[in-house]
Structures are given as structure tokens and as C-alpha cells.
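A short write-up of the structure that comes next.
Where a number appears in this text, it was derived from the coordinates with a stated rule and is not lab data. Bear in mind that the values here come from a model prediction, so they are computed numbers and not experimental data. In this analysis, Cβ positions are derived from the backbone assuming ideal geometry, glycine residues included, and neighbour counts consider all displayed protein chains.
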């Protein structure tokens, strides 16, 4: 018992003091924002050969023919409003790369460019190459008469 008394008097049996409270925060913590999807820059590569299809579905059909081709992006986008809208779907503009594959660079709406994200462009390119399937189960399959007979050279 004497030992217990000695410990209490020496402070050996007491718990350490509580830690100091954290400093009050002036701002509420913010949740991190999701990064914005990166858009394709259609003018990133100088020169090039461009083409327009009447819809993404037309573009994603392997070996489908474009409605028009031109060496100037603004020419092809400006001409695209002359296309009859295919079930109100956006028209898509692509650039021919060095390996002979079409790479989507933007949508065309009312004769103006609309941005396309890199993820969308990659998905459409892969569908065109037959590596993936474009998810659009509600879309009716295209018939031969839905495609242009000739490609207009601008």
C-alpha cells in the first residue's frame, strides 16, 4: 500500500495530459473536382486531309465512305451543314493519319466546330477499326442506301 501511495504522490499513476485541441479551420474542406475531359485539338497537326460523315454511326461502320473530303478543316466543317441531318445525330469530322486511319477531331454543327473529347475520339476510332462495338443498341442498323454513293471533293 505504501508503494501505491508513493506512486500517486510522485505522479506515476496519472494519465498524461490530453493533447491540445486542433486549431479551428477557417475554410470548409473542399471535395476534389473531377478533371475536365480533354478535348481533341483539331489543328494540332499542321496540314492534313479531313473528311465528314453524316453521323457517328456512319463513321463507326468499318470502311464507310465519307460524305466529303478536303485538305482544309474549316472548308469541310463549313460544307457539312449542307448534309441532310441523319436522324438529328451530330456529324463527325476526322483527319487521315500517316497510317491511313481516320481519327475523329471534332463534331460539325450548323457549319461550326463542336469539341470532341479524346476519350470519345478513341472510342469511335476503335469502333471503326472493329476493335470495339459502338454501344447504341437502340440504333437501327444502317442500310446500304444510308451511305453516300460518292464522296464530294472540296
Simple spin-label estimate for residue 63/residue 146, 7 Å along Cα→Cβ, in nm, reads 1.8
Relative contact order in percent for the stretch 50-135 (Cα pairs under 8 Å, 6+ apart) equals 31
Among the Cα-Cα pairs of the stretch 50-135, the proportion with separation greater than 23 Å, in percent, is 12
